[in-house]
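So the structure is just underneath, and the comments pick up after that.
The values are calculated or read from the model by the stated rules, or taken from the named source; none is laboratory data. Note that this is a predicted model, so its numbers are computed, not measured. In this analysis, Cβ positions are derived from the backbone assuming ideal geometry, glycine residues included, and neighbour counts consider all displayed protein chains. In case anyone asks, the SASA skips ligands and DNA or RNA and just uses the protein heavy atoms, side chains included. Shrake-Rupley method; radii C 1.70, N 1.55, O 1.52, S 1.80 Å.
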Amino acid sequence: MTQPATSVRNHCLSPARAGAAIDAPLGPANYARMFPELPSFQAEDQFLHALGRTGGLCDCGDVDDSSAGDGDTAAGWPIFGQFVAHDITADRSILQAHTNTTELRNARSPRLDLECLYGDGPTGHPFLYQRDDPAKFLLGLEETDLQRNADGIAIIGDPRNDSHTLMSQLHLAMLKAHNAFVDDLRLARTTNDRVFADAAGQLRWHYQWIILNEFLPTLVGKTLTDQVLQEGPRWFRPGHRGFIPLEFADAAYRYGHSQIRHRYQLNLHTDPVPLFPELLGFRPVPPERTIDWTLFFDAPGATSAQRSNRIDGKLVRALIQLPVAVTGECEIEDYHSLAVRDLQRGQGVGLPSGEAVARHLGIAPLTADQAGIASTGWQKETPLWFYILREAHACTGGHRLGPVGGQIVTESLLDSSMRTRHRIVRPTRNGGLKRHSTSC
């Protein structure tokens with residue numbers, strides 16, 4: 001291994017701004033409706049809370065994980081999906097019954113560019129990078145955890161990636177991948193002023209490749225993925241400036257909440273533990289709780305990974321009773337339930353019912369029995385978030401998203417991918433390096 005060359009901070013602009021068009025917006029991006037012509041779903045808050053609180057229809061109780069509840073998906077994919085969400089969405093508005101969506105701001109760009117990892121780069125956020133080698137990320141002691149402040153809180157580009165151990169360890173894995181690309185580029189004698197940018201480009205390219213070729217086919221099926229990739233989006237055409245659709249951010253892409261297991265085995269030396277409170281974040285990760293990712297993603301030659309739960313509209317008790325460290329102090333007790341929060345958020349931003357979206361897309365809506373709310377005495381249509389979870393259960397056995405949820409997620413992620421264009425370096429067949437432009 002060659003000795004790392006000393007990197008210099010010689011950019012007047014952060015990488016996030018240097019690569020942007022001259023007319024690109026300086027402020028945060030917007031949220032907006034994908035289907036603004038559809039009427040908003042309306043229900044009393046009491047109904048939404050009854051649906052999502054402890055003992056409600058969304059609560060799967062204290063039963064432990066079993067093979068009967070396992071889906072086809074490896075347990076790491078919902079965690080990866082959460083990482084992707086943090087890369088392109090950050091709604092910091094308070095939870096309320098009625099939100100003025102024109103005032104909503106997305107603190108992330110609608111691009112799959114790993115903003116949550118890189119921040120404003122070594123120039124804008126030098127505290128994320130090594131002092132003597134700012135082309136590389138700064139890691140925690142022995143590189144088994146993120147760097148942390150005196151209170152144990154991670155010093156990273158997005159604090160949400162420290163919310164639980166699985167997320168912080170995935171963030172750490174991405175930091176290590178960047179640093180490994182830096183080492184490879186130096187071995188290939190890349191000039192010092194290109195190392196950081198080319199390593200970031202490599203990681204972004206691989207990240208987007210995984211999303212389009214592994215993550216999406218696992219989540220929505222290869223047929224729908226290939227169709228949208230080949231034909232382009234049919235329903236989501238946000239224009240030049242772009243935005244994240246609320247149907248995606250506050251409904252369809254919250255599918256993963258139903259996939260979380262009761263317990264996770266972190267490595268071969270630990271017993272399975274629940275996500276909360278045992279894996280609560282915002283504190284150092286001890287070495288014995290470092291993640292063996294072959295237990296979360298299927299890898300050649302490794303034992304089959306743990307599976308996620310099926311997508312069926314039910315959440316494990318740890319998510320129905322979130323700790324105060326995650327939610328903050330809540331005047332309304334039901335807001336400790338992630339299901340109540342998802343339902344309240346969807347209604348607050350005026351999302352349509354699941355049945356309305358299905359009809360708009362030309363898809364036969366679920367029956368009342370399939371939607372699953374009739375047992376509560378509710379006679380009207382279904383909140384979009386819950387509908388998408390129940391659609392997955394009715395149409396795929398809970399192994400992947402159904403047609404409504406799948407269409408929203410695929411078109412939204414494809415748009416975010418196509419908005420990310422980088423000059424990157426990829427290996428050529430003879431071992432050299434070739435620089436080219438790519439959108440994915």
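Remarks
- Only DSSP H runs of four or more residues enter the estimate; each adds -39500 (n - 2.57), and after division by the residues of the chain the mean residue ellipticity at 222 nm equals -9500 deg cm²/dmol.
- Portion, in percent, of the accessible area of the chain that falls on carbon or sulfur, probe 1.4 Å: 52 percent
- In degrees, nearest ten, helix 165-187 long axis to first principal axis of the chain (Cα): 30 degrees
- Candidates per trypsin sites (Lys or Arg not before Pro) in region 140-238, loop by DSSP, up to 14 other Cβ within 10 Å: Arg189, Arg234
- Compared with the dominant principal axis of the Cα atoms in the chain, helix 76-88 is inclined by about 80°.
- Environment charge of Gly372, counting only residues whose C-beta is closer than 14 Å and scoring Lys/Arg +1, Asp/Glu -1: -2
- Relative contact order, percent, the chain [alpha-carbon distance under 8 Å, six or more residues apart]: 25 percent
- Calculated from the structure at hand, log10 I(q)/I(0) by the Debye sum over Cα atoms at q = 0.07, 0.11, 0.13 Å⁻¹ is found among (i) -0.39, -0.87, -1.15; (ii) -0.34, -0.88, -1.24; (iii) -0.31, -0.76, -1.05 as (ii).
- Ordering of 30-42, 406-418, 351-363 by packing is 406-418, 351-363, 30-42, highest average first (other Cβ atoms within 10 Å, averaged per residue).
- Cleavage-rule hits (GluC sites (Glu not before Pro)) in region 243-306: DSSP loop, at most 16 neighbouring Cβ within 10 angstrom: Glu278
- Label-to-label distance, nm, for residues given as Asp193 and Asp292 (7 Å Cα→Cβ offset): 4.7 nm
- Solvent exposure of the chain, expressed per residue, is 45 Å² of accessible area, with all protein chains present and a 1.4 angstrom probe.
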